[in-house]
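The structure appears right after this line, and notes come after that.
What follows is calculated from the coordinates using simple rules that are stated; it is not laboratory data. Worth saying up front: this structure is predicted, and the values here are computed from it rather than measured. As a convention, Cβ positions derive from the backbone with ideal geometry for all residues, glycine included, and neighbour counts pool all protein chains shown.
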Amino acid sequence: MNVVFPPLAQATHEADHRFMVEGYVCDQNGKGLPNTDVLVKDIRISYGQVVRTDGDGYYKAMFHLHNDNLDDPLLVEARGERQNLKIQFDPKDLESERKVRVNFGTGCEASGPPAWIWWGSGAIFATACGIIGMKMVRSQRKPERVKSKSLGKKKS
């Protein structure tokens, strides 16, 4: 059964009226599943939308909500798996993005840069610390060498 909802106008209104549901749909190996339908629905007001994942398995659904939508039941469904949540945000915060992340599948934590960036950054940092440490050790040894040479000359 396909559920069709009216198209959602792009949410260009203020942050305190936007609510974003985003996440990834992944297979059992943690790989994102492209072109997968995800149903996102505010059950209390019977408004929802079906969005499709991109090539990495990422999806995003944007809603126009108000403060009275706080704690509304939210249904998010993908590939027959359902997650029931409540819409949560700070009604006093009128500037921060209101959003929730809902992932489906195993090992679907693709939030942030790829792992190789973290490993590469760590290697660069470790190398820089090593170089700085070596320079500090050398700078502390040089005065000792100068002192010992000058003492040796005075004794001659």
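Just a few scattered comments:
- The amide H of Ile87, built 1.01 Å from its N in the peptide plane, has Asp71, Asp72, Leu74 as neighbours under 5 Å, considering only residues 5 or more places off or on other chains.
- Gyration tensor verdict on region 15-101 (Cα atoms; rounded if a/c is under 1.5, prolate if a/b is larger than b/c, oblate otherwise): prolate
- Modelled spin-label separation between Ile131 and Gln28, with each label point placed 7 Å from Cα along the Cα-to-Cβ direction: 4.7 nm.
- The ranking of Val50, Val38 by Cβ neighbour count inside 10 Å, starting from the fewest, reads Val50, Val38.
- Put a plus charge on the Cβ of each Lys and Arg, a minus charge on the Cβ of each Asp and Glu, and nothing anywhere else: the dipole of region 15-101 about its Cα centre is then about 200 debye.
- Pairs of Lys residues in region 15-101, spaced 8 or more positions apart or belonging to different chains, with C-alpha separations under 16 angstrom: 5 in total.
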